[in-house]
Structure formats: C-alpha cells, structure tokens
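Okay, so here's the structure we're looking at.
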Amino acid sequence: MQTKTPSPKRREGLLPKGSLARHLVWRLLPAVFVLVSIDLLATWLITRKMSLQEWLLRDIFWTMVISQVVLVSVFAWVLIKGVRSGLASMNRLSSEISQRSIEDLQPLDVTGLPAEVAPLVTHLNDLLLRLDDSMQAQKRFIGHAAHQLRTPLTGLKLESELMLTRTLPDDVRDRAERIKSVTDRMIRLGQQLLVLARVDSSTRPQDSFKRMDLAEWVRETAAEWIPSVRSTSLEIQLAAPREPVWVDIDPLLLEELLGNLIDNAVRYAKDATVINLRVTANPPTLAVEDNGQGIAPEDSAHVFEAFYRSARPANDGSGLGLAIVREIARAHGAWWGLSTRPAFDGTRITVIFPGPRIGAKLTRQE
C-alpha cells in the first residue's frame with residue numbers, strides 16, 4: 001500500500017506563500033533540527049560513553065535537567081526572534097498609521113505584509129479611497145457654492161450702499177445698514193470658505209511656495225491694516241529684525257492668515273489698546289498679540305476648531321477665522337499656539353515656521 005504525499009497545491013494551501021505561518025515554519029525548522037540533534041547527542045553521551053558506576057543517579061538527573069533548561073531557553077529565544085521578525089512589517093504599518101495626520105487618506109503600503117493581513121489592509125485602503133472621494137466632493141461643493149454666492153452678495157451690497165447714499169427715513173436707513181452689515185459678513189464667510197477649500201492638503205499649496213523675507217513681508221502687509229485698525233481706536237505696532245528671516249510661503253495664503261489674526265484681535269480683544277506684531281528669526285516666528293482681557297479658559301481649547309463660537313454675547317463671528325489660521329499654518333508645515341491670561345497679559349497667537357524648505361511636505365500637528 002503506497003502512502004500519498006501532499007500535493008504541491010495542498011501544501012501551498014496549508015502554508016501560503018508570503019504568509020506569517022510559512023515564515024515562522026522556515027525560521028523555526030532549523031532551530032528544531034539543531035535542538036533535536038543536541039538532545040540526541042546528550043542522550044548518546046550519557047547512555048553510551050558513561051557507566052552507571054561513574055555517575056550517581058542524582059548527577060544524571062541534574063545533567064538532564066540542565067540540558068533540558070538549555071534546550072527550552074534556546075528554543076524560546078529562537079521562537080521570539082522568529083515571531084518578532086514575522087511581525088516587523090505589521091509594526092511598520094502600525095507606526096505609519098500612528099504618524100499620519102487626520103487629513104491623510106492615502107492608501108497604506110501592503111509591501112512585505114503577511115498574506116493573512118494583506119487582504120485586511122487592501123479592504124481598508126478601499127474604504128480610505130471611498131472616504132477621500134466623499135470628503136473631496138463635499139469640499140468641492142463648499143468651494144463652488146461659496147464662489148457662486150459671491151456675485152449676488154456683491155450685488156446686494158452695492159444696492160444697499162446706493163440706498164444709503166440717498167435721503168431715507170430713519171427706520172429705512174437702519175434696515176439698509178443692517179442689510180449691508182449682514183451682506184458684508186456673508187461675503188467674508190464665502191471668502192473664508194474658499195480659503196479653506198484652497199488650503200486642503202490634497203491641493204498641495206506647497207507647490208506655490210516662494211522664498212521670502214518674513215520680516216519685510218509682514219511690514220508691507222500689515223501696513224494695509226493700519227487705517228482700519230486705527231479707526232477702532234487701537235494702535236498697531238511691529239517688532240521685527242532688520243536681518244532677513246527667510247521662509248518658504250504662499251504669499252496669498254499667509255496674507256489671509258495675518259488678516260485673520262489681526263481681524264480677530266480687532267473684533268474680540270475687549271478693552272485692548274494696542275496690537276503688536278512680532279517677527280523673530282530663530283526659529284522663524286510670527287506672533288500677533290493684544291493687551292485685552294484674554295480668552296476664557298473654556299474657549300481657549302476650542303478656538304482653532306471650525307465653526308466654534310464662544311457663548312459670550314459679544315461674539316458675532318462665523319467661527320472660521322482661527323480655523324483658517326490653523327489650516328494655513330498646517331499647509332506650511334508650521335506649529336501654532338495660543339497664550340492667554342494668566343500666562344500672558346492678553347492674547348498671543350504664535351505661528352512658528354520650519355524654515356526655508358521649498359516644496360516641503362511637512363504636516364505639523366498641534
């Protein structure tokens with residue numbers, strides 16, 4: 001009677017190529033053969049080369065115990081090394097996932113993964129792809145809607161301004177002024193939504209970076225804000241080094257960042273008298289400070305979240321200003337932070353840039 005040997009196809013089903021089981025078997029088989037050989041050699045030495053007259057039973061017992069402890073220790077070490085080497089690719093995948101930002105929905109790399117895990121990662125990549133398509137569609141809709149609203153809102157603002165140039169009854173003038181104020185806020189909201197759509201990580205704003213002197217750029221850009229800031233009885237001051245502070249930036253996006261910081265200070269810095277702009281060189285840093293009452297502790301942890309609005313009655317914003325600051329800083333690979341009372345006498349928002357790196361792919365986390 002002939003014994004049937006497993007076919008190659010059946011062996012492939014038991015130990016699929018690239019599987020963790022196959023990897024462990026190939027790593028452990030040599031060690032098992034070595035251990036069996038050592039055990040047989042020790043037994044042969046005791047039974048063939050040594051007589052009972054030369055050894056007491058107790059000595060034989062302890063010799064066998066020591067040999068078995070050595071064998072088990074070696075086997076455990078080989079087993080641990082085999083398991084760790086087999087799980088190295090999974091540890092790499094875990095590290096890659098933990099280092100990703102919440103906006104990064106790119107597929108995970110399945111190279112080198114065990115065959116048992118690769119299908120799971122493949123299905124996860126498919127889910128990430130569909131989720132990314134859904135989010136991109138939503139962002140495109142927001143951008144298109146904001147763009148389409150600009151024309152009618154601009155027309156409405158123009159009509160209200162024309163009404164205010166005429167002689168109107170007091171109640172009609174009040175209504176026209178309220179219409180103009182609401183229209184201005186809606187136009188500003190639409191502009192902010194467009195900026196949010198532009199700084200999305202998938203659009204790669206880094207491709208439009210230019211190497212510029214941050215100190216000189218802030219001097220020129222902040223000068224445009226002087227009339228509007230002084231009209232609110234506030235002073236605006238700048239402290240910057242004379243030496244160039246080189247950074248790679250998108251000037252339009254950074255102009256929006258600085259504008260949001262100054263506008264935020266003008267609107268919400270209660271009892272403030274001055275707004276200070278500070279630029280430092282090492283590391284390249286932009287800070288906007290005011291000496292107002294500061295931000296309430298319950299609000300300071302949420303002010304960078306989109307559409308977050310404080311419960312205080314004076315807050316009439318859209319909740320997008322500092323969220324845009326966060327997204328623009330993230331697109332530049334920069335770190336952002338908030339200091340307020342009691343640590344700082346007022347409110348200070350700081351943006352620290354990584355230095356001149358054209359085309360940088362950094363994504364700094366909070």
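When you look at S98, is it among the small types (G, A, S), modelled with pLDDT of 80 or more and open to solvent by 80 Å² or more (accessible area, probe 1.4 Å), yes or no? Spelling it out, S98 is indeed among the small types (G, A, S), modelled with pLDDT of 80 or more and open to solvent by 80 Å² or more (accessible area, probe 1.4 Å).
Listed by position, the strands (runs of 3 or more DSSP E) inside the stretch 212-299 whose residues that are modelled with pLDDT of 90 or more, open to solvent by 30 Å² or more (accessible area, probe 1.4 Å) and of a type in the set (D, E) number at least 1 are 235-239.
The values are calculated or read from the model by the stated rules, or taken from the named source; none is laboratory data. None of these values were measured; they are calculated from a predicted model. Quick note on the areas: whole protein, heavy atoms, side chains included, nothing else; ligands and nucleic acids left out. Shrake-Rupley method; radii C 1.70, N 1.55, O 1.52, S 1.80 Å.
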